[in-house]
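**Student:** For reference, the structure I am asking about is given below.
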């Protein structure tokens, strides 16, 4: 399921910024050369609900590595465009809305934070019925 969310984020960013900017979720040994996006799942949580329902809280950090010479104003513009693109993404055959958007620039790298929370129903264990013998009759 996390792979589907990563693909949805990548597709939304490619739709907004075109195929000129690379989007990856894989770690690289030598670092990334800009402009590109790196998508990272930060600290997922599972919150159980009644009736075998679980909410998966999935916070993502979408990191933008700018091209050489790209200033703060350009990164702020990319942040606003990125947040607009990530409002609703497609996960498999359904659409999901992002929540808790924020962004910041740290060490000349842009971080866009977004949560995609999903409710998932888990199957309960099924206990098959056993046979029972009964004696039914009328009292004299």
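The values are calculated or read from the model by the stated rules, or taken from the named source; none is laboratory data. Since the model is a prediction, treat every value here as computed from it, not as a measurement. Every residue, glycine among them, receives a Cβ derived from its backbone with ideal geometry; neighbour counts consider all protein chains shown.
**Student:** Kindly check whether there is at least one residue in the stretch 116-135 that is modelled with pLDDT of 90 or more and farther than 18 Å from residue 4 by Cβ.
**Tutor:** Initial filter on the stretch 116-135 (modelled with pLDDT of 90 or more): 116.
From what's left, farther than 18 Å from residue 4 by Cβ: none.
For the stretch 116-135, residues modelled with pLDDT of 90 or more and farther than 18 Å from residue 4 by Cβ: absent.
**Student:** Something else: Checking residue 45 against (1) touching a residue at least 12 places away in the same chain (Cβ under 8 Å); (2) more than 21 Å from residue 7 (Cβ to Cβ); (3) touching a helix residue (DSSP H, G or I) at 6+ places or on another chain (Cβ under 9 Å), which single condition isn't satisfied?
**Tutor:** (3)
**Student:** Failed condition for residue 108, given (1) under 19 Å from residue 34 (Cα atoms); (2) surrounded by 12 or more Cβ atoms within 10 Å (Cβ to Cβ); (3) at pLDDT 90 or above, with all others met?
**Tutor:** (3)
**Student:** How many of the residues making up the stretch 70-102 are surrounded by 14 or more Cβ atoms within 10 Å (Cβ to Cβ), farther than 16 Å from residue 9 by Cα and in contact (Cβ under 8 Å) with a residue 24 or more places away in the chain?
**Tutor:** Going through the stretch 70-102 one residue at a time, the tally reaches 2.
**Student:** Follow-up. Looking at 28, 54, which is the one that is at pLDDT below 90, assigned to a strand (DSSP E or B) and farther than 21 Å from residue 87 by Cβ? Give the derivation first.
**Tutor:** Working: 28 fails: assigned to a strand (DSSP E or B).
Testing whether each residue is at pLDDT below 90, assigned to a strand (DSSP E or B) and farther than 21 Å from residue 87 by Cβ leaves just 54.
**Student:** Now a separate question. For a quick check of your reading: which strands (runs of 3 or more DSSP E) sit entirely within the stretch 64-110 and have at least 2 residues that are touching a helix residue (DSSP H, G or I) at 6+ places or on another chain (Cβ under 8 Å)? Lay out the reasoning, then the answer.
**Tutor:** On the way: elements: 88-91, 94-97, 99-106.
Once the strands (runs of 3 or more DSSP E) in the stretch 64-110 are filtered for at least 2 residues that are touching a helix residue (DSSP H, G or I) at 6+ places or on another chain (Cβ under 8 Å), what remains is 88-91, 99-106.
**Student:** Within the stretch 78-95, is there a residue that is within 14 Å of the chain's Cα centre (by Cα) and farther than 29 Å from residue 48 by Cβ? Full working, then the answer.
**Tutor:** We begin by selecting, within the stretch 78-95, every residue within 14 Å of the chain's Cα centre (by Cα); these are 83, 85-92, 94-95.
With the extra rule that they be farther than 29 Å from residue 48 by Cβ, the set shrinks to 83, 85.
Yes, the stretch 78-95 contains a residue that is within 14 Å of the chain's Cα centre (by Cα) and farther than 29 Å from residue 48 by Cβ.
**Student:** From (1) in contact with a strand residue (DSSP E or B) (Cβ under 9 Å, 6 or more places away or on another chain); (2) loosely packed, with under 14 Cβ neighbours inside 10 Å; (3) in contact (Cβ under 8 Å) with a residue 12 or more places away in the chain, pick out the condition that doesn't hold for residue 21.
**Tutor:** Result: residue 21 passes all but (2).
**Student:** If the requirement is being over 18 Å from residue 95 (Cβ atoms), crowded, with 17+ Cβ neighbours inside 10 Å and at pLDDT 85 or above, which of these qualifies: 37, 60?
**Tutor:** On the way: 60 fails: over 18 Å from residue 95 (Cβ atoms).
Criteria check complete, one pass: 37.
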